[in-house]
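Worksheet for the structure shown next.
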Amino acid sequence: SMNLMKKTFLAAGLLTALLLASPVAAQAQGETLELRLSRDWGYGGLNGEIEGRFSMIASGPESLSEVHFLIDGETVFEDREPPFRYQFQTGEFDPGRHTLSARGLLADGREIRSGEIVRVFLSAEQAGSKTVGLVIPILVVALVVGLGSAVIPMVLGRKKVHVPGQYGLAGGAVCPKCQMPFSRSVLAPNLLIGKLERCPHCGKWSLAGRASRDALAEAEARLAQEGSPQVAVEESEREKLERLIDESRFDT
C-alpha cells in the first residue's frame with residue numbers, strides 16, 4: 001500500500017508539472033521574430049531585384065535582447081540594443097540570389113527565428129539598365145499623350161461657337177487678345193498657367209486661365225454691347241495645318 005501511495009503521489013506530481021508547463025510552452029510558441037527589409041536608397045524593381053543601400057529591421061517581444069542578422073545562413077551583424085537594425089550595401093555581396101533572415105535571443109536564453117526574405121542583388125550596371133528600361137517607356141507614353149493633347153485639338157479641332165453664360169467642366173476664360181468670354185475645353189493641354197486655347201471670337205491662340213464669375217460677367221456684358229469680333233476667313237483643316245507649320249519656323 002505504501003508503494004501504491006508513492007506511485008499515486010508521483011503520478012499527481014507529473015500531471016501537475018505538465019499542466020503548469022503547458023501555458024509556458026504555448027507562450028513560447030507564440031513569440032515570434034518579425035523581419036522586414038527597408039529600401040534606404042537605390043533600386044527596388046520587379047521580381048525581387050534590388051540594388052543600393054537597404055536595412056534589415058527586426059522586432060519581437062519585449063524580452064528580445066539580441067538579434068543576429070543573417071545572409072545566406074551566415075551571421076553578418078549582431079545587434080544588442082533596440083531598434084534592432086542592420087544597414088548594408090548590396091554591392092558588398094556577390095550579385096545574385098540571397099536569403100535574408102534573423103535569429104533572436106530572449107532574456108531567458110530562449111531563441112526565436114524569423115521567416116526568410118529572398119532577394120536578387122544586382123550590380124550597379126544591371127540596376128542602371130533596369131532603371132532605363134522602366135523609365136523610357138513611361139517617358140514615351142507621357143510624350144505621346146502630351147503631344148496628342150496639344151496637336152490634335154489644334155489640327156483637327158473645329159472652331160468653337162460660344163454660347164453666352166454656358167461653361168463646361170473646365171470653366172470659362174476671358175481671351176487676353178479680344179477680352180471676350182468663352183468656355184475652356186477639358187481636352188486642351190494644361191500648361192500650368194493656363195490651358196492652350198483658341199478664342200472662338202478672334203480666332204487667336206493664348207494661354208487661358210480659369211476666369212472668376214465676376215470677370216466672366218463683365219466679359220459677357222462687353223460681348224453683348226460690342227458684339228463678337230469676326231474671324232476674317234474660316235480656315236480649312238489643310239489651311240490650318242499649313243499655317244501652324246509656317247508659324248513654327250524660326251527666322252534665320
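The values are calculated or read from the model by the stated rules, or taken from the named source; none is laboratory data. Since the structure is predicted, the reported quantities are computational estimates derived from the model, not experimental observations. Cβ atoms come from the backbone with ideal geometry, glycine included; neighbour counts cover every protein chain shown. These area figures cover heavy atoms from the full protein model, side chains too; ligands, DNA and RNA do not enter into them. Shrake-Rupley method; radii C 1.70, N 1.55, O 1.52, S 1.80 Å.
Given 0.36 nm per residue, what is the gain on full extension from residue 111 to residue 78 after removing their alpha carbon distance, in nm? Can you show the working numbers first?
Numbers: separation 33, 0.36 × 33 = 11.88 nm, distance 1.42 nm.
Stretched out fully, the residue 111 to residue 78 stretch lengthens by 10.5 nm.
Count the net charge of all other residues whose Cβ sits under 12 Å from the Cβ of residue 93, scoring Lys and Arg as +1 and Asp and Glu as -1.
Numbers: positive: 97, 119; negative: 51, 72, 74, 92, 94.
The answer is -3.
Give the calculated FRET efficiency between residue 47 and residue 190 to the nearest 0.05, with a Förster radius of 35 Å applied to their Cβ-Cβ distance.
On the way: r = 36 Å, r/R0 = 1.04.
Plugging the Cβ-Cβ distance into 1/(1 + (r/R0)^6) gives 0.45.
Out of the stretch 43-93, which trypsin sites (Lys or Arg not before Pro) are coil in DSSP terms and have no more than 12 other C-beta atoms within 10 Å?
Numbers: sites: 53, 80, 85; in loops: 80.
Those satisfying the criteria are 80.
Can you compute 3J(HN,Hα) from phi for each residue in the stretch 173-178, using the Karplus curve 6.51 cos²θ - 1.76 cosθ + 1.60 with θ = phi - 60°, rounded to whole Hz and x for Gly and Pro?
Here the 3J(HN,Hα) series is 9, 10, 4, x, 8, 10 Hz.
Compute the distance in nm between two label points, each set 7 Å from the Cα along the Cα-to-Cβ direction, one at residue 65 and one at residue 31.
Modelled inter-label distance: 1.0 nm.
Which whole-Hz ³J(HN,Hα) couplings does the stretch 84-91 yield from phi under the Karplus relation 6.51 cos²θ - 1.76 cosθ + 1.60, θ = phi - 60°, glycine and proline marked x?
Computed from phi, the couplings for the stretch 84-91 are 7, 8, 9, 9, 8, 9, 4, x Hz.
What does the accessible area per residue of the stretch 30-73 come to in Å², with a 1.4 Å probe and no ligands, DNA or RNA counted? Walk me through the intermediate numbers first.
Values: 2130 Å² over 44 residues.
That works out to 48 Å² per residue.
Please list, ordered by chain and number, the residues whose modelled amide H lies under 5 Å from the amide H of residue 180; skip anything fewer than 5 residues away on the same chain.
Those lying under 5 Å, H to H, from residue 180 are 175.
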